[in-house]
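Asks: Quick one: this structure, given as structure tokens, is what I'll be asking you about.
The values are calculated or read from the model by the stated rules, or taken from the named source; none is laboratory data. Please read these numbers as outputs of a predicted model, since none were measured by experiment. Don't worry about glycine lacking a Cβ; one is built from the backbone with ideal geometry, like all the others, and counts go over all protein chains shown.
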Number of protein chains: 2
Amino acid sequence: MTSPKPVPPGRPRAFDIDEALDRAVLVFWSKGFEGASLDDLTEGMGISRPSLYRAFGSKEDLFYKALERYTEGLTAYFARALAEPTSAAVATAVLHGTVEAATMPGLPTGCLGVHGALATGDESRPVRDALIAWREEGIAHLTRRFQQAVDAGDLPPSTDPHLLALYLRTVANGIAVQAASGSSRPELLQVANLALGSWPKL
Amino acid sequence: MTSPKPVPPGRPRAFDIDEALDRAVLVFWSKGFEGASLDDLTEGMGISRPSLYRAFGSKEDLFYKALERYTEGLTAYFARALAEPTSAAVATAVLHGTVEAATMPGLPTGCLGVHGALATGDESRPVRDALIAWREEGIAHLTRRFQQAVDAGDLPPSTDPHLLALYLRTVANGIAVQAASGSSRPELLQVANLALGSWPKL
DNA sequence: GCACATCCGTACCGATCGGTACCGAAGGAG
DNA sequence: CTCCTTCGGTACCGATCGGTACGGATGTGC
């Protein structure tokens with residue numbers, strides 16, 4: 001059995017690459033892609049500029065990798081929510097998870113997938129489009145989950161799974177924006193519950 | 001009776017200042033405050049850089065004036081919505097107006113008050129805060145309107161007017177984000193109607 | 001006609017942007 | 001110990017950023 005760490009040649013990296021990525025997430029999250037300068041990033045990550053480029057390629061590549069890590073880490077509640085037994089439980093878990101993730105003490109408010117690059121100059125359009133695709137992917141997952149619920153008789157046959165998914169994503173977007181505007185966690189939980197009040201009853 | 005146009009001394013301005021402001025709105029709307037460079041603005045407004053500074057002071061001042069004009073113009077549906085006779089009609093008019101304004105053919109998608117400066121670098125923080133205040137003002141207007149509805153017996157006495165206002169603003173924020181992600185007007189109208197389904201029935 | 005105020009645009013400012021050339025340091029392989 | 005590869009950081013690159021100095025043009029009031 002080969003070692004999982006086939007020590008690479010050359011001088012070893014002096015910093016932990018995942019830890020640096022975690023810190024980059026925080027910078028992009030609070031300032032957005034365009035608002036985060038390389039000086040902001042290098043200071044926040046605790047590494048020098050050439051180290052950043054060697055490890056991550058470019059500012060844009062760094063953002064994509066940070067988004068990936070954000071998705072696997074801080075939005076893991078989403079994957080768990082999809083595994084809930086009923087569609088109503090899925091919706092509740094998604095919105096409650098969104099509120100919690102968007103109002104974590106000690107972390108930036110809102111959601112990287114919403115704030116990262118909502119409106120940008122032409123140069124950052126690829127990043128903007130990547131975030132659109134990121135949100136679209138969430139909708140696609142929810143749509144499949146709700147289609148499954150319709151098939152299983154958990155939702156009325158007349159239900160439009162895509163509409164429900166889009167509705168949830170829309171409310172989640174709004175929660176992220178309001179969290180970044182300073183709305184508190186209890187306030188937003190009430191909003192989430194109000195939004196869940198219109199969930200189709202079987 | 002004095003003339004309303006007391007012709008000022010000096011060479012007259014060669015462009016219409018409100019028209020230029022309208023065009024600035026479009027640039028800020030589609031690219032955001034940070035993403036809109038002075039070259040973007042001067043090209044979009046059809047005036048030179050010093051003309052822009054003489055007429056509007058700075059990029060930041062220009063943004064504030066553009067936001068003001070946007071509020072009085074493209075979001076006039078909001079003031080009309082507040083004048084609807086019932087709280088349910090107010091809510092419907094707000095969300096339908098939001099969807100329409102966010103998906104106007106020939107105009108940028110979404111909402112300047114949401115996209116303009118959601119996450120920014122430190123330098124643009126005043127602009128970000130101004131947009132937070134802008135959204136907060138909308139919530140305050142709605143809160144007063146719903147308090148009035150409670151007082152008039154149009155809403156149950158147990159209603160929390162602020163919660164309803166925050167809920168509407170949250171859904172409107174989400175609609176703006178989704179519009180900027182490419183969701184269509186019919187889709188978003190369905191989402192708005194779904195959101196209105198949880199409106200308190202008297 | 002003349003003085004004055006404001007406008008116009010060209011051409012420029014220092015600062016900051018994202019990105020990199022370079023060279024010494026630090027590890028493994030022989 | 002030498003070679004090779006990759007790391008580290010300083011010091012720099014051209015491009016673009018927001019903002020302005022300046023000189024010519026165009027209007028009103030006297």
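Asks: Out of segment A:86-137, which residues are away from chain B (no Cβ under 12 Å) and hydrophobic (A, V, I, L, M, F, W, C)?
Replies: Taking segment A:86-137 as the starting set, the residues that turn out to be away from chain B (no Cβ under 12 Å) are A:86-90, A:92-94, A:96-97, A:100-101, A:103-107, A:126.
Scanning segment A:86-137 gives A:Ala88, A:Ala89, A:Val90, A:Ala93, A:Val94, A:Ala101, A:Met104, A:Leu107.
Asks: Inspect segment B:37-56 for any residue being among the aromatic types (Phe, Trp, Tyr), modelled with pLDDT of 95 or more and within 11 Å of DNA strand D (Cβ to nearest atom) and give the result as yes or no.
Replies: Checked segment B:37-56: at least one residue is among the aromatic types (Phe, Trp, Tyr), modelled with pLDDT of 95 or more and within 11 Å of DNA strand D (Cβ to nearest atom).
Asks: Against the condition on the phi > 0 side of the Ramachandran plot and assigned by TED's automatic domain parsing to the domain that holds B:Cys111, how does B:Gly153 come out, does it pass?
Replies: In short, yes.
Asks: Restricting attention to segment B:61-83, does a residue exist that is more than 16 Å from DNA strand C (Cβ to nearest atom), at pLDDT 95 or above, more than 12 Å from the chain's Cα centre (by Cα) and not in a helix (DSSP H, G or I)?
Replies: yes
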